[in-house]
1. Looking at the stretch 28-50, which of its residues are among the aromatic types (Phe, Trp, Tyr) and closer than 21 Å to HIS15 by Cβ?
2. Would you confirm, using the coordinates I've provided, whether GLU56 is surrounded by 10 or more Cβ atoms within 10 Å (Cβ to Cβ) and either part of a helix (DSSP H, G or I) or at pLDDT 90 or above (or both)?
3. Return the residues of the stretch 18-31 that are open to solvent by 100 Å² or more (accessible area, probe 1.4 Å) and closer than 23 Å to HIS44 by Cα; say none if nothing qualifies.
4. In this structure, does SER41 turn out to be outside any loop (DSSP other than H, G, I, E, B), of a type in the set (Gly, Ala, Ser) and open to solvent by 70 Å² or more (accessible area, probe 1.4 Å)?
5. What number goes with the only condition from (1) in a helix (DSSP H, G or I); (2) farther than 30 Å from GLY79 by Cβ; (3) open to solvent by less than 60 Å² (accessible area, probe 1.4 Å) that HIS15 does not pass?
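The values are calculated or read from the model by the stated rules, or taken from the named source; none is laboratory data. A quick note: this is a predicted structure, and the numbers were derived from the prediction, not measured. For neighbour counting, all protein chains shown are included, and Cβ atoms are generated from backbone atoms with ideal geometry for every residue, glycine included. Protein only, heavy atoms only, side chains kept; ligands, DNA and RNA dropped before computing areas. Shrake-Rupley method; radii C 1.70, N 1.55, O 1.52, S 1.80 Å.
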Amino acid sequence: MEGTKERITVTVSKHLIEDVLRKTGCDINDIDKIVEDFVYSALHTPNAETIAAIEESRAGKYAGTIDTTSMETFMKSMGI
């Protein structure tokens with residue numbers, strides 16, 4: 001995650017920090033990287049429905065045809 005960094009202050013319980021450091025095997029100097037990686041993953045990880053759709057697509061399952069000739073036909077072709 002490159003780019004401009006912004007310094008912020010976040011208050012977190014000492015117990016939580018100790019748990020994170022113990023489970024990651026890192027020391028306190030790495031906490032900013034751990035938090036950044038966690039937030040990035042939380043924001044960019046697809047949900048279960050999206051993962052299922054990706055797997056269906058990769059397996060070659062065909063969802064049908066979307067008609068974009070007009071808004072009416074578009075909505076109808078999506079079953080809306």
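1. First, the residues of the stretch 28-50 that are among the aromatic types (Phe, Trp, Tyr): 38, 40.
Correct list: PHE38 only.
2. In short, yes.
3. Pass one, the stretch 18-31, residues open to solvent by 100 Å² or more (accessible area, probe 1.4 Å): 22-23, 29.
If the condition is that a residue be open to solvent by 100 Å² or more (accessible area, probe 1.4 Å) and closer than 23 Å to HIS44 by Cα, then LYS23 is the only one that fits.
4. Values: outside any loop (DSSP other than H, G, I, E, B): yes; of a type in the set (Gly, Ala, Ser): yes; open to solvent by 70 Å² or more (accessible area, probe 1.4 Å): no.
No.
5. Only one criterion in (1) in a helix (DSSP H, G or I); (2) farther than 30 Å from GLY79 by Cβ; (3) open to solvent by less than 60 Å² (accessible area, probe 1.4 Å) is unmet by HIS15, namely (3).
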